[in-house]
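Remarks on the structure that follows.
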Amino acid sequence: MNTPFDEEPHRRPGLFAGLRASFLTGIVVIAPVGLTVWLIWSVVGWIDGVVLPLVPHQFRLEQYIGLNLRGVGVIFFLVFTVIVGWIAKGLIGRSLIHFAEGLVDRMPVVRSVYSGIKQISETVFAQTERSFEKACLIQYPRRGIWAIGFISTTAKGEVSERAETSGELMSVFVPTTPNPTSGFLLFFPAEDIILLDMSIEDAAKLVISAGLVYPNEKDPTQPPE
């Protein structure tokens, strides 16, 4: 017989609660994989839709096997891009590009569009483009509030000359959460920057997760905590 002072026995979760927990766990596992596969499948299909209409019928694989395989357009695109890049490295290719850019510079509207797209392409795809050097802590947007930033380069030129600082000036990219591709470019004196031991990848995970995923300090080879 139970008395009013007896503790209630531990209740096991019901069947519905167990199914709900299993369903949510499955969503967490399936969603990233499914979205990644869907994105790759969609991009490949889009490239096929753009490239294949430009390929002569006698060169299409479906004419010989009777199947429309997804990804054939991507292969044609990669081969064509490699050939164009190989030609552009040569003397004849550079001369043709210089001649074509000279014609584009004479077209007012086309010139602006072409120069903008070229600058973006060189920034994103150039092999010599430097990545972020180090993750850091800075006080932003005011003293007493700390934010994670990524050191890109040492400030140079007019920015470094006109800034009223006695020491070295560093350019720091401060990302936003949960989208780290947007943010702010700020310039800080080197003495106001605290370098972090965590890698760029771990710092990015911390920003994307809104502070929920911290680097594993006990064993860096293990997943973040």
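Would a scan of the range 156-173 turn up a residue that is among the hydroxyl-bearing types (Ser, Thr, Tyr), in contact with a strand residue (DSSP E or B) (Cβ under 7 Å, 6 or more places away or on another chain) and modelled with pLDDT under 90? Within the range 156-173 (the criterion being among the hydroxyl-bearing types (Ser, Thr, Tyr), in contact with a strand residue (DSSP E or B) (Cβ under 7 Å, 6 or more places away or on another chain) and modelled with pLDDT under 90), the answer is yes, since at least one residue qualifies.
Of the residues making up the range 31-59, those that are over 18 Å from the mean Cα position of the chain (by Cα), open to solvent by 60 Å² or more (accessible area, probe 1.4 Å) and closer than 11 Å to VAL74 by Cα number 2.
Across the range 66-119, the number of residues qualifying as under 31 Å from the mean Cα position of the chain (by Cα), within 22 Å of TRP46 (Cβ to Cβ) and exposed (fewer than 10 other Cβ atoms within 10 Å of the Cβ) comes to 0.
ARG70: closer than 30 Å to SER152 by Cβ, basic (Lys, Arg) and touching a helix residue (DSSP H, G or I) at 6+ places or on another chain (Cβ under 7 Å), yes or no? Spell out how you get there, then give the answer.
Values: closer than 30 Å to SER152 by Cβ: no; basic (Lys, Arg): yes; touching a helix residue (DSSP H, G or I) at 6+ places or on another chain (Cβ under 7 Å): yes.
Here the answer is no, as ARG70 does not meet what is asked.
Results for (1) open to solvent by less than 40 Å² (accessible area, probe 1.4 Å); (2) touching a residue at least 12 places away in the same chain (Cβ under 8 Å); (3) among the charged types (D, E, K, R), shown as yes or no for each residue.
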| site | (1), (2), (3) |
| --- | --- |
| LEU137 | no, yes, no |
| ARG143 | no, no, yes |
| THR154 | no, yes, no |
| GLU164 | no, no, yes |
| GLU168 | no, yes, yes |
| SER171 | yes, yes, no |
| PRO175 | yes, yes, no |
| SER182 | no, no, no |
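If the condition is being of a type in the set (A, V, I, L, M, F, W, C), in a helix (DSSP H, G or I) and in contact with a helix residue (DSSP H, G or I) (Cβ under 8 Å, 6 or more places away or on another chain), then the range 13-58 contributes VAL44, ILE47, VAL50, VAL51, LEU52.
All conditions in (1) within 18 Å of the chain's Cα centre (by Cα); (2) surrounded by 13 or more Cβ atoms within 10 Å (Cβ to Cβ) hold for TYR214, with the sole exception of (1).
The values are calculated or read from the model by the stated rules, or taken from the named source; none is laboratory data. This one's a predicted model, so the numbers in the text were calculated from it and none came from an experiment. Ideal geometry is used to build each Cβ from the backbone, glycine not excepted, and the neighbour counts take in all protein chains shown. Note: accessible area is taken over every heavy atom of the protein model, side chains too, but ligands, DNA and RNA are not part of it. Shrake-Rupley method; radii C 1.70, N 1.55, O 1.52, S 1.80 Å.
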